[in-house]
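Note sheet for the following structure.
The values are calculated or read from the model by the stated rules, or taken from the named source; none is laboratory data. Model, not experiment: these values are computed from the prediction. For neighbour counting, all protein chains shown are included, and Cβ atoms are generated from backbone atoms with ideal geometry for every residue, glycine included.
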Amino acid sequence: MSSSSRPKPARKSSSNHRNTLSLQRTEIKIHIYDLLPPGKVSTLLWAIGSSLLHSGVVIGDREYNYGGHDQRGLTGVYCTRPGQEPPGGTFRQEILHGFSFRPEEELNTIIHEVGGPISFVGALG
């Protein structure tokens with residue numbers, strides 16, 4: 001069979017595919033906090049790759065955390081301003097995890113599906 005007589009694969013409709021060039025890129029970062037009081041012990045432990053750590057996932061202008069807050073009766077996923085240190089915590093490091101090209105509404109839907117009801121702690125903005 002010659003190449004000109006081969007059946008061509010069906011083209012997929014472009015409406016089913018997202019054009020990632022037209023979507024906004026959202027950074028996803030991990031914030032790491034040391035929950036030990038600042039001092040020689042926490043500095044030494046951090047230097048050897050250890051400590052009592054807490055982390056948060058930063059998506060856009062919100063940081064999502066689990067536990068680690070001091071509001072009575074509040075548990076599960078909560079949201080703060082990025083970099084807002086947990087009680088007694090010290091910000092240690094920010095790690096770029098990757099990027100999302102999903103629209104903000106879709107990201108919010110996914111976060112709420114995974115995290116359930118999310119508490120907002122402190123002023124966001």
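Just a few scattered comments:
- Residue list for the stretch 27-52, restricted to those being surrounded by 15 or more Cβ atoms within 10 Å (Cβ to Cβ) and either in contact with a helix residue (DSSP H, G or I) (Cβ under 7 Å, 6 or more places away or on another chain) or farther than 30 Å from Arg102 by Cα (or both): Asp34, Leu35, Leu36, Ser42, Leu45, Trp46, Ser51
So that you can scan it fast, the table gives a plain yes or no per residue for (1) outside any strand (DSSP E or B); (2) touching a Pro at 6+ places or on another chain (Cβ under 6 Å); (3) modelled with pLDDT of 95 or more:
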| position | (1), (2), (3) |
| --- | --- |
| Pro38 | yes, no, no |
| Thr75 | yes, no, no |
| Cys79 | no, no, no |
| Gln84 | yes, no, no |
| Pro87 | yes, no, no |
| His97 | no, no, yes |
| Asn108 | yes, no, no |
| Ile111 | yes, no, no |
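- Candidate set from the stretch 108-122 (those that are among the hydrophobic types (A, V, I, L, M, F, W, C) and out of contact with any strand residue (DSSP E or B) (no Cβ under 6 Å at 6 or more places or on another chain)); member that is surrounded by the fewest Cβ atoms within 10 Å (Cβ to Cβ): Val114
- Single match in Ser42, Ser50 (criterion: hydroxyl-bearing (Ser, Thr, Tyr), within 18 Å of Ile30 (Cα to Cα), at pLDDT 85 or above and outside any strand (DSSP E or B)): Ser50
- Residue selected from the stretch 62-73 under the condition at pLDDT below 90 and surrounded by fewer than 20 Cβ atoms within 10 Å (Cβ to Cβ), by the criterion nearest to Phe99 (Cα to Cα): Tyr66
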